[in-house]
Amino acid sequence: QDFCTRSEGAAASATHTHTHTHNMACSVAVSAVTTAAATAGPRRHTAAGGVGRRAGAAVKNVGLRPRGAVVCATTGSDNKSAVSIAAPDGFVTPEPKAFTVTEGQLGNVISAAVPLVLRLGTGALINGWKPSLAPDDGLGYSLFRVAGKKLVESGDLGPRPAQPIEVFEYEGSPYCRKVRECAAVLDLDVLYRPCPSGEAYYRPMAKAEGAKTFPYMKDPNTGAAMDESDDIVEYLYRNYGPAAGKPGAEFMGAVELGVPMMLQRGGITNATCYAAAVARLKGLRARPSRAAAAAAAGTPVTPLELWTYEASPFTKLVRESLTELTIPHVVHYCPRGSAKRAELLARVGHFQVPNLEDPNTGVKMFESADIVKYLEGTYALSKA
């Protein structure tokens, strides 16, 4: 688990309760805060379109509510249903640890690392990653500092989208992995809506919009929507890669767009993505969860926030639980060379991934095994 200590202590977490109820009418009471609106892009299907926002615009946190009790109450004479979201009783945020594997988790970590090897680390480095040494000013993130110098990492990217890309997908799909790796390489923020087999809210939503397969992507910045992984990869590079904005970019192929070999169509890409999926047959089927129950009641939970990079085996374990429990989440990708590493460092005092923030409970935490335990304790429901 990538770790760079800058100060001691982890962010304290408070427990908040987010209650969802649904019957015939719904009224929302928000104490001292207003609910942030979820991103909603145009519902037309097109593979065309350029970046509709200025380069460098701030990325919005899609649908993330400020802290405070948010209650969606329903009225009616019968058939009431309520879903309460709260951290497990007695939950205490664990202290982050550098480069450690929780006892009993070594086998899971090793199997989760197989895709990293098969995919040659795709998603670990930003596009056009370039390291260099610069005078150490003592500021920001750096992997190492020595003799008055620090390592500076940079990349080659296009304009930044103002709003996160929205993707309907699931962890166990080889095609979805391709798109996630591309988003990581391009240092994008992505709102993921989990659609494993048996999921009954986001899958029908995507299919109602015309999706025939997964992954299905919507870009609220341009209005584009599509459902073929190779098309999505090339679209993202065309709009947010180094060729974005260049004359004729809309007609460029993968090589001209600068798409890495491991993300180009067919051949080695598909073979290694399939092998990576077979290495851990997880994140394929939905399990009963409070998130699914809340969505079924018409009040889906607020998306969680996850800071990570796609190649991390520790993050894969977390993403498997998020997928199976059908919990929507915004991923802030921070591969090597990403400026978001410095952002996370400034937020919590050190850099380590995965880092999870749950606006439904107020919990903020590190450590993959502890995050999985928290997600299972907070969101999982026993099978009837």
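For the stretch 190-201, putting each phi into the Karplus relation 6.51 cos²θ - 1.76 cosθ + 1.60 with θ = phi - 60° gives couplings of 9, 8, 9, 10, x, 10, x, 4, x, 6, 10, 10 Hz, in residue order, rounded to whole numbers and with x for Gly and Pro. Put simply, the amide H of Val83, placed in the peptide plane, has neighbours under 5 Å in His20, Thr21, leaving out anything fewer than 5 places away on its chain. Computed from backbone phi with θ = phi - 60° and the Karplus coefficients 6.51, -1.76 and 1.60, the 3J(HN,Hα) list for the stretch 310-323 is 5, 6, 5, x, 5, 5, 4, 4, 5, 5, 4, 5, 4, 5 Hz; x is used for glycine and proline. Over the stretch 108-229, the pair-distance histogram of Cα-Cα distances with 10 Å bins from zero comes to 12, 32, 29, 18, 7, 2 percent, rounded to whole numbers.
Close amide-amide hydrogen proximity is noted between Arg193 and Val167, Phe168, Glu169, each under 5 Å apart and 5 or more residues distant or on a separate chain (H modeled in the peptide plane; Pro and chain starts excluded).
What does the convex hull of the alpha-carbon atoms of the stretch 237-373 project to on average, in nm²?
The directionally averaged projection comes out at 10.9 nm².
Across the accessible surface of the stretch 235-384, with the other protein chains kept in place and a 1.4 Å probe, carbon and sulfur atoms take up 59 percent.
In sequence order, the stretch 271-286 has phi-based couplings of 4, 6, 5, 5, 4, 5, 5, 5, 4, 9, 7, 10, x, 10, 10, 6 Hz under the Karplus curve 6.51 cos²θ - 1.76 cosθ + 1.60, θ = phi - 60°, and Gly or Pro positions carry x.
Remark on Val363: its backbone amide H falls under 5 Å from those of His16, Asp358, a criterion applied only to residues 5 or more positions apart or on other chains, H modelled at 1.01 Å from N. Of the chymotrypsin sites (Phe, Trp or Tyr not before Pro) found in the stretch 92-162, those that fall in a DSSP loop while having at most 12 other beta-carbon atoms within 10 Å are Phe99, Phe144. Checking the Cα-Cα distances for Lys212/Lys282; Lys130/Lys373; Lys150/Lys340; Lys207/Lys340; Lys130/Lys178 against a 28 Å cut-off, the pairs over it are Lys130/Lys373; Lys207/Lys340. What FRET efficiency would be calculated for the residue pair Ser84, Leu120, taking the C-beta separation as r and a Förster radius of 45 Å, to the nearest 0.05? Efficiency, from the Cβ-Cβ distance: 0.55. Distance between the 7 Å Cα→Cβ label points at Glu250 and Ser154: 3.1 nm.
The values are calculated or read from the model by the stated rules, or taken from the named source; none is laboratory data. These figures come from a predicted structure and were not determined experimentally. With ideal geometry, Cβ positions are generated from the backbone for all residues, glycine too; neighbour counts draw on all protein chains shown. Keep in mind that these areas ignore ligands, DNA and RNA; they rest on the heavy atoms of the full protein, side chains included. Shrake-Rupley method; radii C 1.70, N 1.55, O 1.52, S 1.80 Å.
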